[in-house]
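Below is one structure; the comments refer to it alone.
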């Protein structure tokens, strides 16, 4: 094997494989039967950790309220709109042994709990349930109904010979209210 133009055998293209061995064999040893390098347990643990919010502190509960962090930088979901819907900023005094370390010291939300650009808000559980029902049940159900009606309209369209122009399947259950109304926690 030649040393290449720089007279250094480490720079020769084939030298690495001879020293470290074949990478395809090493990769095959690391892979599981399903083609991943993680065991099923490790993969599930990693997926769970991907969905955990670790940047924001864990909030102690306030009896009778749902708590959430609200951003001050989202123009599509501004603070004033949340307040119109019934959200209330949480004062540091409402969370003893927690709120003081995250208290806003000055400005519009002085005395409230914040972390970076996020403010902590609360909403009475009953109002929260109503909002969740409207935004995550009623509105999607109305959208499904609208989609189903459009599909049915398209199925009625025919060509000159009377053949249906559009064939659709799988929309029968759209827009149907479930047997029970969901409960959000």
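Worth pointing out:
- Within segment 122-131, the set of residues being closer than 21 Å to residue 75 by Cα and either in contact with a helix residue (DSSP H, G or I) (Cβ under 6 Å, 6 or more places away or on another chain) or assigned to a helix (DSSP H, G or I) (or both) comprises just one member, 131.
- Residues being in contact with a strand residue (DSSP E or B) (Cβ under 8 Å, 6 or more places away or on another chain) and not in a loop (DSSP other than H, G, I, E, B) - total across segment 58-82: 9
- Test for residue 65: is it within 25 Å of residue 126 (Cα to Cα) and either within 22 Å of the chain's Cα centre (by Cα) or surrounded by 14 or more Cβ atoms within 10 Å (Cβ to Cβ) (or both): yes
Every number here is computed from the coordinates shown, using simple stated rules; none is lab data. Everything numeric in this text was worked out from a predicted model, so none of it was measured. Cβ atoms come from the backbone with ideal geometry, glycine included; neighbour counts cover every protein chain shown.
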